[in-house]
Structures are given as structure tokens and as C-alpha cells.
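The values are calculated or read from the model by the stated rules, or taken from the named source; none is laboratory data. Computed from a prediction, not measured in an experiment: that's the story for all the values here. Using ideal geometry, Cβ is built from the backbone for each residue, glycine included, and neighbour counts are taken over all protein chains shown.
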Amino acid sequence: MRDRLARRRSRWWILALVAWAAWGADWRTPPPGEGPEAVPVRRLDGAPYVGVNDLARLLDATKFWRADVRKLVLRSGPHSIVLTADNPFAIVDNTTIWLGAPVRSLGGELQVPAALVDTLPADSTLARLIFDPRGDRVLVLPASGGVGSPRLTVAAQVTRLTFPADHPEAAVVAARARAHFRVRMGGLFLGVLPESLPSGSLLRSIRTIPAAGGSAFECAIDPAAVGYRMTQDPASRRVTLEWSRAEGDLDEFAPEGPAGARPMRVIVLDPGHGGADLGVTAGRAVEKKLALSLALLLRPELERRLHARVVLTRADDRTVSADARAEVANRSRADLVLSLHFDGYVDARARGATALCPPATLGAEQAGARNHGRFAADDAGPGRVAMLRWRDVAFRHAVESRALAEAVLSTIELKGQGPTRLRERLPYGLLGVNAPGILLECATLTAPSDRERVLQEEGLRQLAVSIAEGVAAYRRNE
Ligand SMILES: [Zn+2]
């Protein structure tokens with residue numbers, strides 16, 4: 001019987017529960033309304049109990065009471081649970097389960113030891129319940145599953161952190177700076193994080209951070225790490241993060257500029273397209289309109305958070321040339337330029353947001369140009385602000401632009417408005433702009449879910465909030 005139960009429950013849930021009890025770390029309580037469905041647990045003589053009415057509700061079960069033998073049968077789909085008042089055994093699908101304490105009757109309702117929930121069959125016909133001893137509640141594991149306590153292993157060159165996860169394929173690295181390395185996971189975090197890290201660990205600290213529709217972690221990585229790798233293994237239901245001191249087949253960290261807050265007096269918002277140029281159209285969505293609406297929502301969010309002056313390259317529906325856009329940015333001495341666009345793909349499955357920023361690595365020919373100090377302005381026409389050579393300008397601001405892209409994409413990803421991608425390619429819209437800047441394809445209009453979200457004022461406003469928070473994080477240079 002025990003073997004069968006052990007097979008039915010994945011082993012790490014039990015480890016997670018043991019870890020809770022042993023380590024005493026805080027349960028991560030989801031904000032009200034966003035968390036999983038849960039019911040309270042009460043203590044009777046020190047043992048945790050859940051009311052049978054609550055239990056039946058969570059399991060979507062029907063109750064049958066037999067007063068003569070004081071038995072209650074819960075039926076849900078093909079499963080049955082038989083409980084008897086004052087009896088410490090339950091019968092789950094013909095298997096007898098020792099509950100550790102008797103079922104009790106309190107005010108006419110049976111109270112069931114919470115230990116029962118961890119013995120229930122784990123199949124798609126029954127909600128998966130988890131007993132959370134620290135929160136004193138029993139909760140339903142959402143469809144996105146769970147993420148368990150990570151295991152840390154420290155070797156000479158490599159530090160590994162392995163998370164058990166129901167959906168490893170949903171994991172994504174949301175920010176790649178060493179100081180703020182962020183990973184987003186699908187599923188609810190049910191584990192505990194290591195409270196102290198061994199010496200020699202390239203992982204210096206780890207904490208949970210809020211994420212919509214999943215869980216997320218922010219790590220600080222030792223400067224000695226030269227790269228990282230994330231491995232998602234659906235077969236073993238694991239996500240492994242590795243940080244290494246040795247070069248190899250690794251992903252790069254985000255480049256790091258000078259420490260300290262960045263000055264941010266003027267921000268230029270550049271809503272893409274306009275006038276005769278509609279941009280992407282899909283269903284009711286027209287890119288030029290959405291880009292302008294988003295810029296108008298983003299302006300007050302930025303002003304409020306950053307106390308910066310926000311300048312728009314267009315505030316109504318008109319045609320603006322690329323040169324004129326760059327001129328607005330350069331004339332207003334922008335500290336930052338955000339070009340706002342929306343994507344469209346032939347493939348209806350494509351969705352999410354993409355940031356384009358100038359390549360941070362120089363080709364040989366381009367590096368040569370820089371070494372020769374050719375940061376000269378192109379010939380400017382009469383009355384025009386000088387347009388700098390776009391390549392030179394792009395290189396000058398490439399590292400900062402990349403940091404901006406990382407910060408903005410990270411907040412978009414964590415708020416569930418992704419998936420996000422970063423492309424190192426100088427966007428046409430930023431040619432000649434003498435400031436750090438990115439072109440943001442804020443959502444994909446050909447994806448029905450993205451389109452419906454941004455066509456609603458609240459969806460577009462939430463996107464503006466994410467972008468503004470990303471810009472604020474960039475300014476703080478966290
Ligand atoms: Zn566009």
C-alpha cells in the first residue's frame with residue numbers, strides 16, 4: 001500500500017513538506033484573489049484538521065452520510081473516500097489510510113486530519129490538494145502545477161540550482177544581469193529557499209519576487225561567474241540553473257554599465273507609424289492607434305514615477321518621418337528613447353513582446369571606425385539638428401540600451417505579458433538617435449490573446465505600468 005501511494009505522489013512534494021517543517025521558512029502567501037483556492041485548517045488537540053464540507057468543495061465531491069454507522073462517503077468522479085467518526089482510518093478507493101489522528105465530529109460536521117490530502121490519488125479526475133502547515137490551510141494546486149524546493153550543489157567551477165517543477169518548459173530567464181538575475185517559473189512555489197549559501201557558491205543570494213500566473217526568483221550572482229545555462233527537463237520534471245567560472249557553452253550575462261542611479265530628466269516616447277502609415281492591422285487592432293494610446297497612458301506613469309519630462313514624437317495621428325523623430329529626441333536632449341510598436345506575424349501562434357536594441361558587440365570594421373574617433377556629425381541641413389552617424393551613435397549607447405531592454409522586458413515577463421524576446425539589431429526607428437533607446441514591439445496583434453488584451457483600456461494601461469516600472473528599474477540601475 002505504501003509503495004503504491006509513494007508512486008502516486010511525486011516524491012518531492014513530500015520533501016517540500018518535510019523541508020517546511022524542518023526549516024521553518026515563510027510560506028509565500030499569494031495576494032488575495034490571485035492565489036489558489038484554499039480552505040483554512042483548524043487545530044484540534046494540536047493536530048491539523050480540515051472540515052469535511054470544505055474538503056468536499058475543494059474536491060468537487062458529493063457527500064453521503066450513513067447515520068447508523070456514522071460513516072461519510074465522499075464521491076468525486078471514479079474516486080471515493082470513506083470517513084468514520086472517531087476512527088483514525090480512511091478508506092480511499094478501497095485502500096486503508098492511517099490518518100495519524102481520529103476523524104472527529106464538531107458541531108455536526110466531521111473534521112478530517114489534514115494528513116488525508118497527501119494520500120489522495122494524483123490523477124486528472126481529482127483536484128490536487130496540498131496541505132500547507134505554515135499557512136494552516138489546504139489548497140488546490142492550480143493547473144500550472146507547482147515548483148518545489150531547489151537543491152544547490154557547489155563544485156569547483158560550477159554552481160547548480162535544481163528546481164523540481166511540474167512544468168519545466170514554462171521556465172524562462174527574465175533578467176540576465178548578475179546583480180539581478182531573474183527566473184520565472186510556471187506554477188506555484190511550494191518549497192523553501194536555502195537560507196544560507198555555502199562558501200564557493202556562485203549564487204550569492206536568492207529570493208522570491210512577485211510574478212503573474214506563476215512564481216519567480218531573483219538571484220545575485222558572483223562576479224566570478226562568466227556565464228550561465230538553464231536546462232529544462234520535462235522527463236525528470238526539473239529546471240536546472242548553472243553558473244560557471246569556466247568558459248564553455250554558456251549564455252552571457254547582460255553587460256553591466258557603471259554602478260549607481262542613472263540621470264533621467266527627459267524621456268522621449270516615439271509612437272510608431274501614424275497618418276497614412278497604419279503599421280500592423282489585425283482584426284480591430286491598428287498599430288498606429290495603439291502605439292499612440294499606449295504613449296498617452298505611459299506618459300503620466302513615467303512622470304509620476306520618475307519626475308522626468310516626457311516628450312512625444314507625435315501626440316496625434318500624423319505622418320512623422322524617421323529623421324523628424326530622431327530630431328525630436330536629439331533636440332530635447334533625451335536621456336532615453338522608447339519607440340513603441342506592436343508586432344504582427346503570419347504565424348498565429350507567435351505572441352508576446354520583443355525589444356530591439358543596437359548590438360553591444362562591435363564588428364571589426366565598426367570597431368575600427370570607433371578607434372579612429374569618427375563620432376562626427378553628418379552634414380546637417382540648414383536649421384536641422386546634426387544627425388550623427390547612426391552606427392557610431394548606436395555603439396556609444398549600446399550597453400545602456402541593452403540594460404534598458406533587459407529591465408523593461410523583465411517587468412513585462414514577470415507580469416505575464418510575455419513571452420519576451422530581445423534582439424540585438426539596430427532598429428530603423430532609432431537611426432540617428434543620440435541616446436540609449438529601444439524599439440519595443442509591445443505585444444503581437446496577430447495573436448488573439450495579445451490583441452484582446454491591448455484592445456481593452458485596462459490591458460493597455462497594465463502594459464504602460466509594466467514599461468514604466470521597467471524604466472524606473474533601469475534608472476535605479478538595480
Ligand atoms: Zn511598427
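Run down ARG299, ARG309, ARG314 and say which single residue is in contact with a helix residue (DSSP H, G or I) (Cβ under 9 Å, 6 or more places away or on another chain), away from the ligand (no atom under 16 Å from the Cβ) and over 16 Å from PRO263 (Cα atoms). Break it down stepwise before answering.
Numbers: ARG309 fails: over 16 Å from PRO263 (Cα atoms); ARG314 fails: away from the ligand (no atom under 16 Å from the Cβ).
Selected residue: ARG299, the only one of ARG299, ARG309, ARG314 that is in contact with a helix residue (DSSP H, G or I) (Cβ under 9 Å, 6 or more places away or on another chain), away from the ligand (no atom under 16 Å from the Cβ) and over 16 Å from PRO263 (Cα atoms).
Please return the ranges of strands (runs of 3 or more DSSP E) entirely within the stretch 128-213 where 3 or more residues are hydrophobic (A, V, I, L, M, F, W, C) and modelled with pLDDT of 95 or more.
On the way: elements: 129-132, 137-140, 151-154, 158-164, 172-176, 181-186, 203-209.
Of the strands (runs of 3 or more DSSP E) lying wholly inside the stretch 128-213, those with at least 3 residues that are hydrophobic (A, V, I, L, M, F, W, C) and modelled with pLDDT of 95 or more span 158-164.
Here is a list of conditions, (1) of a type outside the set (D, E, K, R); (2) closer than 23 Å to LEU404 by Cβ; (3) within 16 Å of the ligand (Cβ to nearest atom); (4) in contact (Cβ under 8 Å) with a residue 40 or more places away in the chain, and ALA329 meets all of them except one; can you say which number that is?
Exception for ALA329: condition (3).
Which one is farthest from the ligand (Cβ to nearest atom) among residues in the stretch 332-349 that are surrounded by 16 or more Cβ atoms within 10 Å (Cβ to Cβ) and small (Gly, Ala, Ser)? Before you say what the answer is, go through the steps one by one.
Of the residues in the stretch 332-349, the ones surrounded by 16 or more Cβ atoms within 10 Å (Cβ to Cβ) are 332, 334-344.
Adding the requirement that they be small (Gly, Ala, Ser) leaves 332, 334, 339, 344.
Values: SER332: 22, ALA334: 20, SER339: 8, GLY344: 8 Å.
By that ranking, first place goes to SER332.
Return the residues of the stretch 61-82 that are in contact with a helix residue (DSSP H, G or I) (Cβ under 7 Å, 6 or more places away or on another chain) and either outside the structural domain of LEU116 (by TED's automatic domain parsing) or not hydroxyl-bearing (Ser, Thr, Tyr) (or both); say none if nothing qualifies. Let's see the steps before the verdict.
First, the residues of the stretch 61-82 that are in contact with a helix residue (DSSP H, G or I) (Cβ under 7 Å, 6 or more places away or on another chain): 63, 72, 74, 76.
Scanning the stretch 61-82 gives LYS63, LEU72, LEU74.
Select, from ALA225, ALA259, ALA235, the only residue that is in the same structural domain as HIS167 (by TED's automatic domain parsing), out of contact with any strand residue (DSSP E or B) (no Cβ under 9 Å at 6 or more places or on another chain) and not in a helix (DSSP H, G or I).
On the way: ALA225 fails: out of contact with any strand residue (DSSP E or B) (no Cβ under 9 Å at 6 or more places or on another chain); ALA259 fails: in the same structural domain as HIS167 (by TED's automatic domain parsing).
Of the residues listed, the single one that is in the same structural domain as HIS167 (by TED's automatic domain parsing), out of contact with any strand residue (DSSP E or B) (no Cβ under 9 Å at 6 or more places or on another chain) and not in a helix (DSSP H, G or I) is ALA235.
Do you know which of the residues in the stretch 263-296 that are surrounded by fewer than 17 Cβ atoms within 10 Å (Cβ to Cβ) and either part of a loop (DSSP other than H, G, I, E, B) or in the same structural domain as PHE189 (by TED's automatic domain parsing) (or both) is farthest from the ligand (Cβ to nearest atom)?
My answer is PRO263.
May I ask you to list pairs of residues, at least six apart or on different chains, whose Cβ atoms are under 6 Å apart, with the first in the stretch 276-304 being touching a residue at least 40 places away in the same chain (Cβ under 8 Å) and the second being of a type in the set (D, E, K, R) and within 14 Å of the ligand (Cβ to nearest atom)?
GLY279/GLU287; GLY279/LYS288; VAL280/GLU287
Being part of a helix (DSSP H, G or I), out of contact with any Asp or Glu (no Cβ under 9 Å at 6 or more places or on another chain) and at pLDDT 90 or above is the filter here; which residues of the stretch 303-326 pass it?
Once the filter is applied, which keeps residues that are part of a helix (DSSP H, G or I), out of contact with any Asp or Glu (no Cβ under 9 Å at 6 or more places or on another chain) and at pLDDT 90 or above, the stretch 303-326 yields GLU303, ARG304, LEU306, ALA324.
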